[in-house]
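Okay, so here's the structure we're looking at.
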Amino acid sequence: MRIRGHDFVARNEIEQIHEATVEVLTQVGVKFNHKEALAVFKKHGARIEGNTVYISENMLENALASVPSHFVLQGRESAKNITVGGEKTVFAPAYGPVYVLEGKKRRFATTSDFINFTKLTEVSELLNLVNSNLLEPQDIPHENRKMNQIINCLKYSTKPLIGMTASRSVAEQTIDLVTDFYGIEKGYCVLGVISPASPLIYDSTMLEAIFVYGEKHQPLLFSSCSLPGATSPVSIAGSLVVNNAELLAGIVLAQLISPGLPVIYGITTPSCDLRYVSPAIGSAETGIITCATSALSNFYGMPSRSGGSLSDSKVLDMQAGIESAFTVLPTIIAEINFVLHSCGIMESFNSISYEKFIIDEEVIQMAERFASGFEINEELLGVEVIKKCGPGGHFLEKNHTMKHFRDEHYVPSLFSREGYDAWVKNGLQILCDKAKVEIEKRLKKYKIPYLTSKQRKLISSYIPEDL
């Protein structure tokens, strides 16, 4: 018996959201601030008024029919390749924090932090991708920052890559550099993230990136994030309609540019605390929207993206733990295919924590164990061993226990379960203490991947050779 979240929203309810979305696409439209995008839509028969494009149901259906249900994203080593849309959930690290939280204080993120988190991602047994947008190192001038981040990902990791979409030139450089570095001419080797501006707008930067990735046939993750009551209707259903219309409009354009282009369907809309008009990413509503995202992506037959271990807390406290569990558990139950912000996120996406990065891995593994449920068969019902033990017996030395305890019960590596006296004897370590030890252990364990002479030359053209 597995705990499943696909049916959190009923089929007839998803159809209602879809029908409302079609009404928005055909009667309200989506604004595309880009002449080339408007020309593509016009060429394919869309109605256009100014910069607003009205997408017919027929155009939508034709575009959706060409979207693959899954695709393989390549890393530097073929063993690290991942299938997005397959049976296993793909986990990616944080995206975009400007600050690093240390205790009750925060500081600007640096290049050293970027490299450290990339190393932690590389040695992680949970995380499947490295992210060039993992954080924003503030010690590098903005004009040089993006390519520095890309090259450090290639230098320090062998895992598949989330690339840059900051401008046409950066997107082109990203794809050309990665394909050259990997030495491949075909295949999917870099994933771009596209974010519409709610409500119902695509700006020129995102549209330029759609064209670049589409023309170079590299996959795109479309991710909508609005504030209910501010940039989308306050109702969850209404926000889903706006987000769905934004995503489908962008996906239609991508398919018109490059039919069959792999895309990921992503809604990351949280709650909005209207007292402050600020995102509440650690809310129960975030989990609800995550489950709805899974149901919508299944309806359209494309991979889903949502969720993560999210918190609005400013320190690594009980709020951070509760909110992260409340947001990651629906992610796992809903069987989201691609999870961004898997580990370390705090302060409503603004900050990242080293300790939480490690702790969140544990929380995700516990959530996966919960969602996996349990199996019932003759062996696991245990009637024979119950007969052998009888009333008042114990099962510690029984073969049945030795055979099944590892599979039946998840044993955390960081959480304290020993008795109080043993805990005192072991140094009164709290969770953060253990996480700090684990961080040091992993960074010491890390070894820089082998680089060919060609790869070294590519790296040295962007950053000093210090290998």
Classify region 295-395: rounded, prolate or oblate, from the alpha-carbon gyration tensor (a ≥ b ≥ c, eigenvalue square roots; a/c under 1.5 rounded; otherwise prolate if a/b is larger than b/c)? oblate
Going through region 79-154, which GluC sites (Glu not before Pro) have at most 15 other Cβ atoms within 10 Å and a DSSP loop state? GLU87, GLU125
Charge-dipole axis of the chain as Lys and Arg at +1 and Asp and Glu at -1 on Cβ define it, positive-most pick from GLY307, LEU396, ALA65: LEU396
Under 18 Å from the Cα of LYS445, which aspartates and glutamates turn up, not counting those fewer than eight places away in the same chain? ASP113, GLU122, GLU125, GLU355, GLU361
So what are the radius of gyration and Dmax for the Cα set of region 293-342, in Å? 12.4, 39
For region 395-465 the chymotrypsin sites (Phe, Trp or Tyr not before Pro) that pass both the DSSP coil test and the at-most-10 other-Cβ-within-10 Å test are TYR450
Carbon and sulfur: what percent of region 86-212's accessible surface (1.4 Å probe)? 48
Long-range share for region 123-185, i.e. C-alpha pairs more than 18 Å apart as a percent of all pairs, stands at 34
What are the ³J(HN,Hα) couplings of region 57-63, residue after residue, when phi is run through the Karplus curve with 6.51, -1.76, 1.60 and θ = phi - 60°? Round to Hz, x for glycine and proline. 5, 5, 4, 4, 5, 5, 5
Please report the projected area of region 1-85's Cα convex hull averaged over all directions, in nm². 9.4
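With the cut-off at 28 Å, report for the chain the share of all Cα pairs above it, as a whole percent.
Percentage above 28 Å: 54.
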Direction-averaged shadow area of the convex hull around the Cα atoms of region 106-159, nm²? 3.7
For region 190-327, what Kirkwood radius comes out of the mean inverse Cα-Cα distance, in Å? 15.4
Taking the alpha carbon gyration tensor of region 308-459, what are the square roots of 5 times its eigenvalues, largest first, to the nearest whole Å? 36, 21, 20
Of all accessible heavy-atom area on region 403-467, the percent that carbon and sulfur account for (1.4 Å): 55
Check: the chain dipole with +1 on Lys, Arg Cβ and -1 on Asp, Glu Cβ, in debye: 1100
Simple Cβ-charge dipole of region 116-235, Lys/Arg +1 and Asp/Glu -1, about Cα centre, in debye nearest 20: 160
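Could you report the chain's accessible area per residue, 1.4 Å probe, as an integer in Å²?
Here the residues of the chain average 45 Å² of exposed surface.
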Approximate shape of region 41-89 as ellipsoid semi-axes (Cα gyration tensor, √5λ), whole Å, largest first: 36, 13, 8
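In Å, what Kirkwood hydrodynamic radius results for region 158-211 from the alpha-carbon pair distances? Don't skip to the answer; put the middle values down first.
On the way: mean 1/r = 0.0837 Å⁻¹.
One decimal place: 12.0 Å for the Kirkwood radius.
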So for region 127-225, Kirkwood radius off the Cα pairs, Stokes-Einstein at 20 °C and 1.002 mPa s: how many µm² s⁻¹? 155
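Return the loop-located trypsin sites (Lys or Arg not before Pro) in region 392-429 (DSSP other than H, G, I, E, B) with at most 11 other Cβ atoms within 10 Å of their own Cβ; answer none if there are none.
When the trypsin sites (Lys or Arg not before Pro) of region 392-429 are filtered for loop state and at most 11 Cβ neighbours within 10 Å, ARG417 remain.
The values are calculated or read from the model by the stated rules, or taken from the named source; none is laboratory data. Quantities reported herein were computed from a predicted structural model and do not represent experimental measurements. Every residue, glycine as well, gets a Cβ built from its backbone with ideal geometry; the counts of neighbours run over all protein chains shown. Protein only, heavy atoms only, side chains kept; ligands, DNA and RNA dropped before computing areas. Shrake-Rupley method; radii C 1.70, N 1.55, O 1.52, S 1.80 Å.
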